[in-house]
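In what follows, a structure is listed as structure tokens, so that the remarks can point back to it.
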């Protein structure tokens, strides 16, 4: 009997629970298996067709899927009108950067470009046995329907998915796989289908992130992104504030630069899509979504939101406290109201609704995390304040009752879940970077497992949203740049959470199944008794390059956990920021590296106390003298990096020079003081902070 | 008021929808670094935002400036683009009369029903004025280069005299005493600083933060930089540059912008925070006097205006003028028999400078604010302009 704090996101695409992946010692579906299910086995391989392949979406997805399907000998047929501008050729340089020229050439060779006139499919298409059509043609419903009929008449068995950004599946008559910008690299796909399909599982098996959403107009991403764009435009209409400055304040408040994003994508096309999305939403849900006259005008004229370069803004805009509060109402009010609608309609798993904004629309924190922290009353007050500013929005699509469940596990565990089978607990992290939300949710997960009597656990990514672990969310560090005490609080809080992996459970196993585990996330996970990774995973402490002193005990716990012979390697990693592959880190940073299935089994065995043959690294709990030689270091490259190296070395020396109990304070003080130093404030995080928050 | 005393019966200036930048003296502020047309457009947008007037209310824009600026060819439509609202419009220019002429022309636009809401946006940058190169085949110097501000100040091609010479000639014509000119100038400084300290100017002038190309602060325009308190003794001690003209009794070049709106009576309620205040156009007059006697021209324009309307100086609640020389005000007393102490109670261009295009716009705005403080009445605004021209207009606040 498996119990979970809340539904596992993998279950929404038919792939079960995470604990089953460890119990079974394999992934629920492998890429080869998924490819066979969609395209047939090697003897009768079919092909993929992308129509509208020269457009922004089509070209991006041709590259993304083409590069992933090429190893399986799946041809990608890129279909478009003969006169369509070449969007595919433009992708070549990006491919070459990612895969090298030879790799890029191989991928391009696998892409078959065919032209058609919109009425009759090219004869040679039959020879490629199309099995899966990804439709990326213009957002005109009748055009799309005719397109599907054309394909179905010719290839009755073909699976069709539309990349539409707005039309529901019920209107289209086909499933939806709506990808997020930038299309060549963003892995998120909002999928709409009655049951989890082989197509969706193929996307997952190829390393992408399909997210199941309900069949509504404009799904989740476009409601959020178009919604924040609309809110920004409405604020500009009400106050005259120019787009560039609204963007700055919006970025400070929630994260995105929605108006700049439209210019970056292409003002006319992007604004048309936003208008189209809002227009249909307004028809369905009323004035909350009514596009502004400015949006309507720009989708026609293509006039950019930002001024041209030779008219870079001259007159700055500022806001006093009252104006700032009103700005919050203008921006957050509609976003909260739109979110209430999506919750009311149960548009998706709460973790997904929350994550989509972060992963696809630059939200610094997911919209549900923001709502959760604000609390129901403040959220309702904000929406009502917005209604006073824009009374028409009050008319419909406001569901304050949707926030009543805010205390439940679905709301409280947006980023971290826990499952157990009565013996082993699996804690999954669905966010690639660490912040206070993740920290609090980790604690609740640990508390829940303890309350359930679980003594052994595996800490891992969620095999879904977090395909890697990149470290601390640097925005979480912003307040510490100007306040040493806040830095001490932050580092001590996160470190104390990490220490629970050492103190609260009999056995803990950290599992790294993604591409990399860096910085704060690595510091967290090294607190586990054992570390297991897939053998091409990479580890590193990039803090020195930012620069910052690792704050979650990276400067001593990793060293204490390493046998004396490996300590110099750990210290060298800390001082240089250089990464190491899992297979090269066995014995001094991790305990086992291997292919995915083997790594899964090993983690499960270790959690069950069956780690025979795997040497355990003991944690040095006492004080010791860190007098080790790391060898010659590469050039620091900047005085700030040089300063950070000295600070990290001092932190490591001092923290190791005390016992484990005192080391926490020593490490936190070193880290906090460096964060508040000029070196950090002038570095990457400080610059980003100034750019984002000091406007 | 009888229609005979309504110049544009349809047109109104909506109270409180106006604003001006401070006028920093030339080369003393970030305004010396900017494209003033772009700055003016963005600044008007900011001012309208602060006044809670959506820029989209504008149907047209009358811009006024006198010194060429980069991309001037593109005129009001370009400035409107910088403002963020693509409306049509045109440019008007009459040296220091520009601000008043632009306001009156906006009234005419309303009166002719061409538009419902017209913006008036005037601006100039005297700092680093452009140098024009003019091929002149009939001149013995085949090509002439003219620094737009200073070379024009120094030479009226119609008379061959400088502006300052006109002030001296007029002072001599009227037998103006230096001591009275110093007294006028000293009072004008006192009036300005009293208005400033009372907070009156805060209702007119808007601090503006100017950015450089990297988006970082270039400077804050929050004062009429270069204006400092003057003692009467210091005023009297100054060297005379021409008859009755000293550094203290003449204005100085400055940079800035000022804007207001003109609309129909019906639309005032949509735009003004105090729609109960009614501001009407009453009458206008212009005159051109004899060569190099520019300081007397405004007095003649006012005299003509009074004769035409039947109004007297005693009817005026507020009297305010553009006075590049204190001589102007003394001559005005002599021609109209009007006590100069009753004029310019909140300051004037003699003190806060002379950016040309927006000068009389700021005078109009300050005059209207003063009239509102006084409970309404006739507002007389007048001034001189290059070419020995005087302009005068009466507005009525009720």
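FYI, it's all coordinate maths here, none of it is from the lab. Nothing here was measured: the structure is a model prediction, and the numbers come from that model. We place every Cβ from the backbone using ideal geometry, glycine too, and count neighbours over all the protein chains shown.
Just check the range B:328-398 against the gyration tensor rule for me: Cα atoms, a ≥ b ≥ c as the square roots of the eigenvalues, rounded for a/c under 1.5, and otherwise prolate or oblate depending on whether a/b exceeds b/c. Oblate, because a/c is 1.5 or more while a/b does not exceed b/c.
Computed from the C-beta positions of residue B:342 and residue B:148 and an R0 of 51 Å, the FRET efficiency is 0.90 to the nearest 0.05.
Annotation for residue A:623 and residue B:288: the two label points, set 7 Å from Cα along the Cα-Cβ direction, are 9.6 nm apart.
Only helical DSSP H runs with n ≥ 4 go in: add -39500 (n - 2.57) per run for chain B, normalise by residue count and round the 222 nm mean residue ellipticity to 500 deg cm²/dmol.
The per-residue figure over chain B is -9500 deg cm²/dmol.
Look at A:197, A:562 and count the other Cβ atoms within 10 Å of each Cβ; fewest to most, that gives A:197, A:562. Largest first, the three principal axis extents of the alpha carbons in the range A:278-357 are 46, 36, 24 Å in whole numbers.
Each of B:181, B:268 was scored by other Cβ atoms within 10 Å of its Cβ. Arranged with the fewest first, they read B:268, B:181.
Within chain B, what percent of beta bridges assigned by DSSP are antiparallel, to the nearest 5?
Around 70 percent of the beta bridges assigned by DSSP in chain B are antiparallel ones.
Grab the beta carbon distance between residue A:421 and residue A:695, set R0 = 60 Å, and tell me the FRET efficiency rounded to 0.05. Between residue A:421 and residue A:695 the formula returns 0.75. Note on A:424, A:185, A:50, A:2: ascending count of other Cβ atoms within 10 Å places them as A:185, A:2, A:424, A:50, the fewest first. Taking a ≥ b ≥ c as the square roots of the eigenvalues of the Cα gyration tensor, an a/c ratio below 1.5 marks chain B as rounded. Per residue, the Cα convex hull of the range A:45-179 amounts to 99 Å³.
Normalised by the number of residues in chain A, the mean separation of alpha-carbon contacts (under 8 Å, six or more apart) gives a relative contact order of 11 percent. For chain B, modelled as a GNM whose springs connect Cα atoms under 10 angstrom apart, the maximal fluctuation among B:122, B:28, B:346 occurs at B:28. Report the calculated FRET efficiency for residue A:2 and residue A:142 (r = Cβ-Cβ distance, R0 = 51 Å), to the nearest 0.05. It comes to 0.60. Backbone N atoms of the range B:358-387 closer than 12 Å to the 7 Å Cα→Cβ label point of residue B:158 belong to residues B:385-387. Principal axis extents of the Cα atoms in the protein assembly as shown, from largest to smallest and rounded to whole angstrom, are 115, 76, 64.
When the helices of chain A are scored as -39500 (n - 2.57) per DSSP H run of n ≥ 4 and the total is divided over every residue, the value at 222 nm lands at -14500 deg cm²/dmol. Taking the range B:1-92, how much of its Cα-Cα pair set, in percent, is spaced more than 23 angstrom apart? More than 23 Å apart: 34 percent of the Cα pairs in the range B:1-92. For the protein assembly as shown, the antiparallel share of DSSP beta bridges with both residues in that region comes to about 45%.
Divide the volume of the convex hull around the Cα atoms of the range A:363-454 by the residue count and you get 113 Å³ per residue. Across chain B, the mean sequence separation of Cα contacts (distance under 8 Å, 6 or more residues apart), normalised by length, yields a relative contact order of 27 percent.
Scattering from the range A:468-693 was approximated by placing one identical point on each alpha carbon and applying the Debye formula without solvent; log10 I(q)/I(0) at 0.09, 0.19 1/Å stands at -0.34, -1.45.
Let me make sure I get this right: for the range B:152-308, a, b and c are the square roots of the gyration tensor eigenvalues over alpha carbons, sorted descending. Under 1.5 in a/c it's rounded, otherwise prolate if a/b > b/c, else oblate. Which is it? Write out the running numbers ahead of the final one.
Working: a/c = 1.79, a/b = 1.28, b/c = 1.40.
Oblate, because a/c is 1.5 or more while a/b does not exceed b/c.
The distance between label points at residue A:646 and residue A:665 comes to 2.6 nm (points 7 Å beyond Cα on the Cα→Cβ vector). With each label modelled as a point 7 angstrom along the Cα→C-beta vector, the residue B:239-residue A:630 pair spans 7.0 nm. Shape analysis of the range A:466-515 based on the Cα gyration tensor places the equivalent ellipsoid semi-axes at 25, 18, 5 Å, largest first.
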